[in-house]
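The values are calculated or read from the model by the stated rules, or taken from the named source; none is laboratory data. Computed from a prediction, not measured in an experiment: that's the story for all the values here. Positions of Cβ are backbone-derived with ideal geometry, glycine not excepted, and every protein chain shown enters the neighbour counts.
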Amino acid sequence: MKINRIETVRVGEFPDLIWVQVHTDGRVVGLGETWYAASGVEALIHDHFGPLLIGQDPQEVEAHWTEMFKLSDHAGYGGAELRAISALDTALWDIKGQIAQKPVYELLGGPVRMQIRVYNTCGVYGQITDGYDVYRDPAGLARSLLDEGVTALKMSPTDYLALESRGQMLEPADLEWALKPVRAIRDAVGMEIQIATDAHAKWNLPSAIRIVQAFEPYEIMWHEELLSPLNEESHRQLQDATRTPVCVAERLLTRYQFRRFIENGSARIVMPDLVWTGGISETFKVGTLASAHQVPIAPHDCTGPVNMFACAQICMAVPGVMIMESNRAMTRGWYGRIVEPNIDIRDGFLHAPDRPGIGTRLRPEVRGRPDAVIRVSDEPREPWLWSMKRYTYPPPEIRAEIEADRKRRRGGRA
């Protein structure tokens, strides 16, 4: 079976999301996804990585990941390159699972669990207004989640406060304001629900230390991205200032960036985002790396439905997963209009997908939407960088001498 076509799909309603479908001559189609600067990712898939895969065996997932990564690390292996690799890698795993007629978690070593507890990130979409209600009626929101069996939530009580000074100054009155919804939840339901915070990397180190210390009496589940993950030593100083776990975080790409934060003790909880950090292949490796340091992982999801399905495979296969992010404004609000089936979250748990591959597919009507942008590649092409490197090789006659000498030294074997 060979890859014969790669297709990207974007829709105007969600301009930062992009889906990739990898088609094979055996009519098996793999689905991947990534988020942010979708047009840049689209260009990389069609101009850079996709032509590398056309004509190749889709089941050689690790070999393809390695070749794509080598092609991207020429530019520092960041940003759109890793997002493109993440989407393609997920689609390749989807194909591999469909060919084997097994969910991907079976191919990753088999399940260690068949469900994982979820927490609810407070978002807003349509009639679901959790992101507003956590400030308008925090006690009521907490009770509504508990009624559904959800025993943890995540909010961003300091994000707005950082805007005025770009995170460079935190006034005491503002800090008091940030504590109000947390106090209201604790007063209403006590410790029945866990509370995590996410600051989206907006603060400097002194302000972040004040925040973690002010929140400490309320038994916070974790503080996520109070600092931008540019300096692992600053994160270690932040972690040393509090007994609350510091969570690091979806902006890190690949095991190589996570390694620094795990090894220096600044990451008590690791939060890879599968559609950014390198797909299923790399997220599985990040989970293994974290386990060697007895650090749990909590996969990030606040993007699209395919990520949720791919993360479900990791959650079932990796022993060190502690909890999975969900956002009921998204899972109930629009995921079901994009994929079928939708993700299965019941009674506070994400349940293992039981279909082959990642367990879902893009709904056919998505491609027919008036706001859809579709691009297709179906011709193989060697990357420009590789062809340029050929000029650093010896001329053909010298290469022939080298290969003949190698064959002689190996007893006639090529």
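Computed quantities for the displayed model
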read-out	value
Residue check for V150: in the same structural domain as D187 (by TED's automatic domain parsing), under 30 Å from E13 (Cα atoms) and in a loop (DSSP other than H, G, I, E, B)	yes
Condition met for A188 (under 18 Å from L153 (Cβ atoms) and either modelled with pLDDT under 95 or assigned to a helix (DSSP H, G or I) (or both))	yes
Residue count, the stretch 24-43 (criterion: outside any helix (DSSP H, G or I), of a type in the set (S, T, Y) and more than 21 Å from E282 (Cα to Cα))	1
Pairs with Cβ under 9 Å, 6+ apart, first in the stretch 315-328 and free of Cβ contacts under 8 Å to residues at least 40 places away in the same chain, second assigned to a loop (DSSP other than H, G, I, E, B)	G320/Q294; G320/V295; G320/P296
Single residue of A162, A91 found to be buried (at least 21 other Cβ atoms within 10 Å of the Cβ), among the small types (G, A, S) and under 21 Å from the mean Cα position of the chain (by Cα)	A91
Of the criteria (1) closer than 23 Å to I45 by Cβ; (2) surrounded by 15 or more Cβ atoms within 10 Å (Cβ to Cβ); (3) over 19 Å from the mean Cα position of the chain (by Cα), which one R367 fails	(2)
Test: residue in the stretch 216-229 that is among the charged types (D, E, K, R), over 21 Å from the mean Cα position of the chain (by Cα) and either modelled with pLDDT under 95 or surrounded by 16 or more Cβ atoms within 10 Å (Cβ to Cβ) (or both)	no
Among residues of the stretch 246-261, those that are assigned to a loop (DSSP other than H, G, I, E, B) and either free of Cβ contacts under 8 Å to residues at least 12 places away in the same chain or buried (at least 20 other Cβ atoms within 10 Å of the Cβ) (or both), counted	4
Qualifying residue in the stretch 160-169 (condition: under 29 Å from R210 (Cα atoms) and among the acidic types (D, E))	yes
Hey, Q21 under 16 Å from V275 (Cβ atoms) and either of a type in the set (D, E, K, R) or not in a helix (DSSP H, G or I) (or both) or not	yes
Residue satisfying all of: in the stretch 4-17; out of contact with any Ser or Thr (no Cβ under 6 Å at 6 or more places or on another chain) and in a strand (DSSP E or B); nearest to M308 (Cα to Cα) among these	L17
Near pairs, Cβ below 6 angstrom, 6+ apart or cross-chain, from the stretch 136-152 (surrounded by fewer than 20 Cβ atoms within 10 Å (Cβ to Cβ)) to any residue that is in a helix (DSSP H, G or I)	A139/A184; A139/A188
Residue selected from the stretch 289-338 under the condition modelled with pLDDT under 95 and not hydrophobic (A, V, I, L, M, F, W, C), by the criterion surrounded by the fewest Cβ atoms within 10 Å (Cβ to Cβ)	T303
Enumeration of residues in the stretch 29-72 that are under 19 Å from D94 (Cβ atoms) and among the aliphatic types (A, V, I, L, M)	V29, L31, V41, I45, L52, L53, I54, V61, A63, M68
Residue that is surrounded by the fewest Cβ atoms within 10 Å (Cβ to Cβ), among those in the stretch 185-215 that are acidic (D, E) and more than 28 Å from the chain's Cα centre (by Cα)	D187
The stretch 44-65, residues that are more than 13 Å from A87 (Cβ to Cβ), part of a helix (DSSP H, G or I), touching a helix residue (DSSP H, G or I) at 6+ places or on another chain (Cβ under 9 Å) and modelled with pLDDT of 95 or more	V61, E62
Checking R268 against (1) under 20 Å from I116 (Cα atoms); (2) out of contact with any Pro (no Cβ under 8 Å at 6 or more places or on another chain); (3) surrounded by fewer than 24 Cβ atoms within 10 Å (Cβ to Cβ); (4) charged (D, E, K, R), the condition it does not meet	(2)
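Here's the yes/no breakdown for (1) touching a Leu at 6+ places or on another chain (Cβ under 9 Å); (2) in the same structural domain as C122 (by TED's automatic domain parsing):
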{"residue": "E325", "(1), (2)": "no, yes"}
{"residue": "A329", "(1), (2)": "no, yes"}
{"residue": "W334", "(1), (2)": "no, yes"}
{"residue": "E340", "(1), (2)": "yes, yes"}
{"residue": "I402", "(1), (2)": "no, no"}
{"residue": "R410", "(1), (2)": "no, no"}
